[in-house]
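S.K.: First the structure, then my questions, so here it is.
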Amino acid sequence: MWDKSDILILQQSPLFSHFTSLTEIEDALHLLKAKRKAFQKDECVWRAGEKVREIGVVFFGAVHIKQTDWRGNQNILNEIKARDIFGEAFATINDMPLSSDVISATETVIIFLNVRELLESDDCDNMLSLRFIKNLYKISSSRNRYLTKKLRYFSCRTTRDKLLSYFSEQARVKKSPSFDIPFDRQQLADYLSVERSAMSAELGRMKKDGLLDFKKNHFTLLKE
């Protein structure tokens, strides 16, 4: 059994959008053999190369999707925040190994849902299952749009251009020239695939040039 408070939190996830009652969500959790697990900061949730049958829902906290090259250089592909999901592209396809590590960014609790069993079940045509699959499809489509957006950062030739592209997007989303970002300096460098010291030096030059101001993870874009 799941506590009512747990289900109220999960109700905020787009994965359970349009579920009409807490009972429906509880039924879905039972159908998907839901289980909960806690992770400490920087703990590995999944390793690249693993094969999974489940998706993860971040109950609270956050995880980073990371790629690591043979030299140990890391690239943060995405940050998955509370109520969002990860692993859907691999859990729904047989024998598709993970291409990235999933690492907890903070103390995190994750709900794992066995979607493969649902998709392979003869019961996947009931309304509860169809609603869940429809929500999963919408989330996957949104994730593809996000990855397309991130490709714009990679297409920028200089570190300054990557930073300005990322900060401009944050300002647009927050509808303000002042905003907080979810990364520390190393994580931001990993996210943009740049070297940390070079990025820090570039941030200093951009501040001197009057392009932006910042303190820790709070930034303000300035008009030239």
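S.K.: Could you tell me which of the pairs LYS66/LYS149; LYS162/LYS215; LYS51/LYS149 are separated by over 23 angstrom between their Cα atoms in the structure shown? List each step's numbers first, then the result.
M.R.: Working: LYS66/LYS149 17 Å; LYS162/LYS215 19 Å; LYS51/LYS149 27 Å.
From the list (LYS66/LYS149; LYS162/LYS215; LYS51/LYS149), the Cα-Cα distance tops 23 Å for LYS51/LYS149.
S.K.: How large is log10 I(q)/I(0) at q = 0.12, 0.18, 0.26 Å⁻¹ when the Debye formula is applied to the Cα atoms of the stretch 1-76, each weighted equally and without solvent?
M.R.: -0.46, -0.86, -1.35
S.K.: Setting aside same-chain residues fewer than 8 positions from LYS207, which aspartates and glutamates have a Cα under 20 Å from its Cα?
M.R.: Of all the aspartates and glutamates, those that pass the test against LYS207 - Cα under 20 Å, at least 8 places apart if same chain - are ASP161, GLU169, ASP180, ASP184, GLU195, GLU224.
S.K.: May I ask you to order 190-196, 18-24 by the average number of other C-beta atoms within 10 Å around their residues, highest value first? Intermediate results must be reported in sequence, preceding the final value.
M.R.: Details: 190-196: 18.1, 18-24: 13.3.
Ranked by mean Cβ neighbours within 10 Å, highest first: 190-196, 18-24.
S.K.: Could I ask something else about it? Under the definition of Cα pairs under 8 Å and six or more residues apart, what whole-number percent is the relative contact order of the chain?
M.R.: Numbers: 357 pairs, mean separation 44.8, N = 224.
Result for the chain is 20 percent.
S.K.: Sequence-distant or interchain residues sharing an amide H contact under 5 Å with ASN78, placed H: which?
M.R.: ILE65
S.K.: Per residue, how much accessible area does the stretch 1-132 show when a 1.4 Å probe rolls over the protein heavy atoms, in square angstrom?
M.R.: Values: 6890 Å² over 132 residues.
Computed with neighbouring chains in place, this is 52 Å² per residue.
S.K.: Here's something else I'd like to know. With the full set of protein chains in place, find how many percent of the accessible area of the chain is carbon and sulfur; take the probe as 1.4 Å. Numbers along the way, then the final one.
M.R.: Numbers: 6390 of 12490 Å².
Of the solvent-accessible surface of the chain, carbon and sulfur hold 51 percent.
S.K.: For helix 159-174, what angle does its Cα long axis make with the longest principal axis of the chain, in degrees from 0 to 90 and rounded to 10?
M.R.: 50 degrees
S.K.: May I pose another question? Where does the stretch 176-224 land on Rg(C-alpha)/(2.2 N^0.38 Å)? Write out the running numbers ahead of the final one.
M.R.: Working: Rg = 10.7 Å, N = 49, 2.2 N^0.38 = 9.7 Å.
The reported ratio for this selection is 1.11.
S.K.: If each of ALA201 and ARG157 carries a label point 7 Å out from its Cα toward its Cβ, how far apart are those two points in nm?
M.R.: Taking the simple label geometry, ALA201 and ARG157 are separated by 2.0 nm.
The values are calculated or read from the model by the stated rules, or taken from the named source; none is laboratory data. Nothing here was measured: the structure is a model prediction, and the numbers come from that model. Quick reminder, even Gly has a Cβ in these numbers, built from the backbone with ideal geometry, and neighbours come from all protein chains shown. Remember, those area values only see protein heavy atoms, side chains included, never the ligands or the DNA or RNA. Shrake-Rupley method; radii C 1.70, N 1.55, O 1.52, S 1.80 Å.
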